[in-house]
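One structure is given below, encoded as structure tokens.
All of the numbers you see were taken from the coordinates with simple rules; none came from a lab. This structure is a prediction, so every number in the text was calculated from the model and none was measured. As a convention, Cβ positions derive from the backbone with ideal geometry for all residues, glycine included, and neighbour counts pool all protein chains shown.
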Amino acid sequence: MAQAKAAARKAAFATRKPLFEAANAAQAGYLSEVLAGYRGVPLSGFMPIRTEIDPTPAMAEASAHGPVGVPVIEAAASPLHFARWSPDTPMVAGAFGAKIPAECDFFEPEILIVPLLSFDRRGGRLGYGGGFYDRTLEMLRAKRATLAIGFAFAGQQVDAAPLEATDQPLDMIVTEAGVIDIR
């Protein structure tokens, strides 16, 4: 399975690059619409790295109505922590190049906007291989209902993501082209 995932990751990076290069400012429009239905619910987005789709416009809108955070990696092989974020939060470089708040005020979100390399229509997600989101979703879902929203370009869809027993499913996938509700 490790070789299959490594090959799938390489292919997904290659697929995502031209999608990123062709992206426009409206790429987070559907994400904004989805989040408007959850006003005030604590959520975490992510600060895009490399060729990831950019959720920050939707995160900025949501921050006017409730707590919004970004993930912070504190240790390998451990769940993520989430620090409060707003559009004017001073940011510094964190692990893997993703920006994190200069001063972290941690909280637990009930909605996670999850980056990915590829997804399938059953809620399968191929990530970068660190297992951070899988561990985090498992931990949060053991405490309360936690909505996992994959955010990606429509062209990142595959027939079947290579999955293992520890992979946590997405509840919804939002792309620049629409919303796929798996629930």
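With charges only on Cβ, +1 for K and R and -1 for D and E, what is the dipole size of the chain about its Cα centre, in debye, rounded to 20? Intermediate results must be reported in sequence, preceding the final value.
Working: 17 positive and 20 negative charges, 81 e Å.
In total the dipole reaches around 380 debye.
Using only the Cα atoms of segment 99-172, construct the convex hull and provide its projected area averaged over every direction, in square nanometres to one decimal.
Working: hull surface 22.4 nm².
Dividing the Cα hull surface by four gives the mean projection, 5.6 nm².
In whole percent, what relative contact order does the chain give with Cα contacts below 8 Å and a gap of six or more residues? Write down the numbers at each step before the final one.
Working: 373 pairs, mean separation 41.5, N = 183.
Relative contact order, the chain: 23 percent.
Can you find, among Ala8, Phe119, Ala60, the residue farthest towards the positive end of the dipole of the chain? Put +1 on the C-beta of Lys and Arg, -1 on that of Asp and Glu.
Ala8
So what is the calculated 222 nm ellipticity per residue for the chain, using -39500 (n - 2.57) for each DSSP H run with n of 4 or more, over all residues, to the nearest 500 deg cm²/dmol?
Helices in the chain give a 222 nm mean residue ellipticity of -8000 deg cm²/dmol.
Quickly work out the Ala160-to-Ala7 label distance, labels modelled 7 Å from Cα along the C-beta direction, and quote it in nm with one decimal.
1.4 nm
Once you charge only the Cβ atoms, +1 for Lys and Arg and -1 for Asp and Glu, what is the size of the charge dipole of segment 50-116 about its Cα centre, to the nearest 20 debye? Spell out each step's value before the answer.
Details: 3 positive and 9 negative charges, 38 e Å.
Dipole size: approximately 180 debye.
Just the number, please: percent antiparallel of the DSSP beta bridges in the chain, rounded to the nearest 5.
On the way: 15 of 27 bridges.
So the antiparallel bridges amount to about 55 percent of the total.
State whether segment 52-116 is rounded, prolate or oblate according to the following rule on the C-alpha gyration tensor (a ≥ b ≥ c being the square roots of its eigenvalues): a/c under 1.5 gives rounded; otherwise a/b larger than b/c gives prolate, and the remaining case gives oblate.
Working: a/c = 1.39, a/b = 1.36, b/c = 1.03.
Rounded, since a/c falls under 1.5.
So how many Å³ per residue does the convex hull of the Cα atoms of segment 53-183 work out to? Please report the intermediate quantities before stating the final value.
On the way: hull volume 14.8 nm³, N = 131.
About 113 Å³ per residue, rounded to a whole number.
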